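Presented below is the structure to which this report refers.
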Amino acid sequence: MIRIIRIFDLLQHYNEKYSDLPTALTGKINGSWKSYSSRQYIDTANALSKGLLAMGISKGDKIALIINNCPEWNFFDMAIMQTGAIPVPIYPTISESNYEYIFKEAEVKYIIVSNGEIYNRIANKLSSVPSLLQVFSIEKTDKIKHWLEIFNLGKLCTFFIAGFFHRKDRQNQTLARNL
């Protein structure tokens with residue numbers, strides 16, 4: 001059994017204990033409920049981690065999450081932590097000036113928003129954030145990239161996430177130390 005030291009170690013625990021759980025997370029999409037099994041939760045978080053790493057995310061980088069309560073928030077929170085980056089959760093209801101302050105002070109590289117409405121609230125502040133590389137949205141919008149682009153990029157990657165190796169594997173020890 002895995003020793004849970006970091007929050008994202010829970011994914012390996014879920015894999016070992018609850019991999020056949022039919023409903024781990026549920027959220028409403030366009031008025032209909034969508035459920036994710038524990039296997040989908042684990043696979044989605046891992047694919048997002050790989051996608052973020054493929055995009056150049058490194059240990060200590062910051063990714064802002066301005067996401068309403070939904071399963072995707074959980075996917076990104078775990079994925080970001082697995083890469084060694086730092087999630088910067090931000091309430092969707094704060095003022096535009098507070099967004100700008102947080103983006104600059106945290107030196108965020110990426111921002112994940114729930115939808116176009118939140119994006120519209122932050123859009124005029126983005127050019128003042130020199131560290132920012134890209135904004136993604138959970139809901140599809142014409143203005144910004146969709147989160148599934150990160151997910152799909154991760155599905156193309158062939159490297160493994162450190163938490164899913166046995167800790168005595170030499171390659172895994174190196175990966176785990178970097179997290």
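The set of residues in segment 146-158 being polar (S, T, N, Q) and modelled with pLDDT of 95 or more consists of Asn152 alone. Of the listed requirements (1) touching a Pro at 6+ places or on another chain (Cβ under 8 Å); (2) not in a helix (DSSP H, G or I), Tyr41 misses just one: (2). For the residues Lys50, Lys17, the requirement of being among the basic types (Lys, Arg) and touching a Cys at 6+ places or on another chain (Cβ under 7 Å) singles out Lys50. For segment 69-87, a tally of residues being over 10 Å from the mean Cα position of the chain (by Cα) and surrounded by 17 or more Cβ atoms within 10 Å (Cβ to Cβ) returns 3.
Taken residue by residue, segment 44-52 has no member that is in a loop (DSSP other than H, G, I, E, B), modelled with pLDDT under 95 and not hydroxyl-bearing (Ser, Thr, Tyr).
Can you name the condition, by its number, that Glu16 falls short on among (1) surrounded by 12 or more Cβ atoms within 10 Å (Cβ to Cβ); (2) in a helix (DSSP H, G or I)? Glu16 satisfies all of (1) surrounded by 12 or more Cβ atoms within 10 Å (Cβ to Cβ); (2) in a helix (DSSP H, G or I) except (1).
The values are calculated or read from the model by the stated rules, or taken from the named source; none is laboratory data. Keep in mind it's a predicted model, so treat the numbers as computed, not measured. Cβ: placed from backbone, ideal geometry, glycine included. Neighbour counts: every protein chain shown.
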